[in-house]
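Accompanying notes for the structure given below.
Bear in mind that the values in this text are calculations on the coordinates, not laboratory data. No experiment lies behind these values; they were computed from the predicted model shown. Here the Cβ is made from the backbone with ideal geometry for all residues, glycine too, and neighbour counts use every protein chain on show.
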Amino acid sequence: MKEKFLRFVRVNFIIWAYLAIAVFIELTGVCVTSGKFLIRRPFMFLSAISVFTCVLFTVRNQRARYWCAFSFLLAQFLIDLVFIVVFDMTGATFDYSMLNLRGDAMAIVESVPVDFVFVLVSGVLISMYMLLAHYLLKSTPAPQKILPRGAVAGIMAAILLLHAGVVYFENRNENPADLSYKLNSGYDGTYYDKGILGNFIDELYKGAFFGKVPLVDAKELEDFVYSSQSVPTSLFGKAEGYNVVTVLAESFEWFGFMNDLVINGKAQNAFPEGFRTDESTLRKLYPNLYRLYDESVVCLNHHAREKTDISENQSIIGCYPSNCYINYEYADNTVPFSLPNILKSLYGVQSYSFHNGNYTFYNRNVHHEHALGFTEYTAREQMDEMGSDKFTDYKARDNEYNLDSEMIDVCKETMFPADRRFNTYITTITMHGQYEQRKNLQTHYNTLAAYGITAPYTDEEGNLEENKPFIHYAAAALEFDKAMGVMLDYLENTRDKNGDRLIDKTIITVFGDHNAYYQTLSPDVKQLYLESGKTDDERRNYTDLFRVPMMIRIGNVSQTLPDSERIITKFTTTTDIVPTVLDLLGVRFYNSLNYGRSVFDDTESIIYSRAYNVFITDKLFFASLNNIKYQSDDVTDEYIELVRKKATELLDKTSRVNQIFYYNFLSDERANTYYTKLHELNKS
């Protein structure tokens, strides 16, 4: 018996090597993404490699088994590597909705540096397998038949059925129409929970069997839409009749143009060490961003934790579903509560959207004109046709991001028409990572160097070191500053049909869609450390990572406000933009579907991130209240209870929004009803 067992072990050494290496690769992937060399619930992963093991046992030839096991290991390595890259770049684990990114997926991932530790460990393990297993092949007898192939197939089928059963059992309480369970779930927000491969398989099952959003009660849902009305603030109607310009600034950070920034009495280092200079120099370098800062309502405690497409939608419709990417799945929906549709219905205002990236990226060409209500969406392809003397398509020519200043220069007459009231949305791209040397930013590198701001090291040919990403970000911020100068100068020098300068009759909102996460630029500059054992000074507020700029220039109104009203220190989010703009315009609206509040309201918002499945305030960061990842020292039980109440209300709204988008609930007659009620609400 002992000899048979030893022979069984020896004959099937390839399978044992496969199992050991597969487990070690997976644990390494979990470790580099979560810091834990452990999978909390490993069933999905272990059962998956059990299926692959069954396949190997059916192979009767050692050489064929050798290559089959190598194929399984290589496939696992590549799958894990892709999701590690996505996690390192964005902090997001895979979810089923990502499959809807389709052709945009690789453009979103881009050329992000891969994790060195994972690649090194996995590469060494697979190489050792290739060498040692190949060496032992010649001296190892052919595998013996253990079970009939039909029996093995039956075992595999049983495992797959068990998969489905476990997924159903674990997710039986998940309901997109009732998200209250999320507040107390045990989700970690990393791959520590199920592993990378296990999470991938689990999400595929969930997407196949739990994708439907139940409509709880149509009458109750319709009543909910009109159950709450906006409450005017002290600045309600201060910009009545004004134009609206909203600028989503890709990866915009305070450290892109400022030194120390004081938040709630505490100085925050912005422009990083090694590049720091005095404020007077920065004001010369970034005059237009400082002009906006000086003349705008400034939200110093503004936070964003989403990808660009989600932040973009949140700033246009004030909400976002939790179970999909609406640019793809709901591109043809009717969204009467979007800012373009509200302004068109009430005042006949035509809205236009601009982006100097690809026309079809994120399906904007369909989504913006259909669901969001823009009259026209213009991207780099159309800009190239509009004026080749003003606009160069660097993306097509040199595979570099196009320049924001050229976009505004070539489109300014369409963006800011003098003969009618307008609502213009601009999504920039120049500050988008990767942060590496670009030919079209050379004049900005020269400007920085002239002021003594440059990378400490260059190679023999004088190129900037690629591991110094901030210098490239600073140059891109100079380009964004130039773009804001083109916009402000045009608005200042152009008068409307009443003879007023456009700049005096326009609300300009400029905000960052998310932090500059590429190449860990944001945490490096902000000096955020999460390791245990750090002192309070070293372990700074983790939510600072997601604190980004928002400035609202209100014609000639914001400059006259006292600092107590102009400097907003309360916690604000991207979903506060739509309520704020409508409040300034003097528009009453139904705010049941809005996640945020006007920044001039005393009530603070809370973030529930659809992409990252986390809740954020400026004092708390948690996947659930059972899993608080960060809390400031002054957090009390009363504060946590207040956050629980806000989070519950937000999850309730999100549950309704899920239903509304899934069923296109506000289309046709219901859309007409919405517009009728909106007009009645604003009659006075």
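Residue by residue through segment 506-523, what is 3J(HN,Hα) from phi via Karplus (6.51 cos²θ - 1.76 cosθ + 1.60, θ = phi - 60°)? Round to whole Hz and write x for glycine and proline.
My calculation for segment 506-523 gives 9, 8, 10, 10, 10, 8, x, 6, 6, 6, 7, 7, 4, 6, 6, 4, 5, x Hz in order.
Counting other Cβ atoms within 10 Å, which chymotrypsin sites (Phe, Trp or Tyr not before Pro) in segment 387-422 have at most 12 and lie in a DSSP loop?
Here no chymotrypsin sites (Phe, Trp or Tyr not before Pro) fit, given the DSSP loop and packing criteria.
Of LYS570/LYS683; LYS619/LYS653; LYS36/LYS645; LYS344/LYS619; LYS284/LYS412, which ones are farther than 30 Å apart at the Cα? Before the final figure, lay out the partial values.
Details: LYS570/LYS683 32 Å; LYS619/LYS653 22 Å; LYS36/LYS645 32 Å; LYS344/LYS619 39 Å; LYS284/LYS412 25 Å.
Flagged as over cut-off: LYS570/LYS683; LYS36/LYS645; LYS344/LYS619.
Please work out the Cα center distance from segment 564-637 to segment 336-351, rounded to the nearest Å.
24 Å
Order the peptides 621-630, 250-259, 550-559 from the highest to the lowest mean number of other Cβ atoms within 10 Å of their residues. Display every interim value, and only then the final one.
Details: 621-630: 17.4, 250-259: 23.8, 550-559: 21.7.
Going by the mean number of other Cβ atoms within 10 Å, highest first, we get 250-259, 550-559, 621-630.
Dividing the convex hull volume of the alpha carbon atoms of segment 571-684 by its residue count, what do you get in Å³ per residue?
117 Å³
I'd like the distance between the alpha-carbon centres of segment 35-66 and segment 397-436, rounded to an integer number of Å.
Between the Cα centre of segment 35-66 and that of segment 397-436, the gap is 50 Å.
Just to check I understand the Karplus step: with θ = phi - 60° and J = 6.51 cos²θ - 1.76 cosθ + 1.60, what whole-Hz values come out for segment 623-632, glycine and proline as x?
7, 7, 6, 8, 9, 7, 8, 8, 8, 6
What are the ³J(HN,Hα) couplings of segment 493-500, residue after residue, when phi is run through the Karplus curve with 6.51, -1.76, 1.60 and θ = phi - 60°? Round to Hz, x for glycine and proline.
9, 10, 10, 7, 5, 8, x, 8
Say the dipole of segment 367-451 comes from +1 at the beta carbon of Lys and Arg and -1 at that of Asp and Glu; which of HIS368, THR378, TYR425 then lies farthest toward its positive end?
Projecting each Cα onto the dipole axis, the largest value belongs to TYR425.
Hey, can you grab everything whose amide H is under 5 Å from the amide H of VAL297? Only 5+ residues off in sequence or another chain; H modelled, so Pro and N-termini drop out.
Under 5 Å from the amide H of VAL297 lie the amide H atoms of ILE552, ARG553, ILE554, each far enough along the sequence or on another chain.
Please say if segment 563-604 is rounded, prolate or oblate, where rounded means a/c under 1.5 for a ≥ b ≥ c the square roots of the C-alpha gyration tensor eigenvalues, and otherwise the choice is prolate for a/b larger than b/c and oblate otherwise?
The shape class here is oblate.
If you place +1 on the Cβ of every Lys and Arg, -1 on the Cβ of every Asp and Glu, and leave all else neutral, what size is the dipole of segment 603-684 about its Cα centre, to the nearest 20 Debye? Display every interim value, and only then the final one.
Working: 11 positive and 12 negative charges, 71 e Å.
Computed charge dipole of segment 603-684: roughly 340 debye.
Need one word for segment 637-684: rounded, prolate or oblate. Basis is the Cα gyration tensor (sqrt eigenvalues a ≥ b ≥ c); a/c below 1.5 gives rounded, then a/b vs b/c decides.
It is oblate, given that a/c is not under 1.5 and a/b is not larger than b/c.
Check TYR630: other-chain or 5+ apart residues with amide H under 5 Å from its amide H, H built from backbone geometry?
PHE621
Taking the Cα centre of segment 528-684 as the origin, how large is its charge dipole in debye, to the nearest 20, when only Lys and Arg (+1) and Asp and Glu (-1) carry charge on their Cβ atoms?
Dipole about the Cα centre, nearest 20: 580 debye.
Rounded, prolate or oblate: which fits segment 474-521 when a ≥ b ≥ c are the square roots of the eigenvalues of the alpha-carbon gyration tensor, with rounded for a/c under 1.5 and prolate only if a/b beats b/c?
Numbers: a/c = 6.93, a/b = 2.54, b/c = 2.73.
It comes out oblate by the Cα gyration axes.
Write out the chymotrypsin sites (Phe, Trp or Tyr not before Pro) in segment 27-70 meeting two conditions: DSSP loop, and at most 13 other Cβ atoms within 10 Å of their Cβ.
In loop regions of segment 27-70 (DSSP not H, G, I, E or B), the sparsely surrounded chymotrypsin sites (Phe, Trp or Tyr not before Pro) are PHE37.
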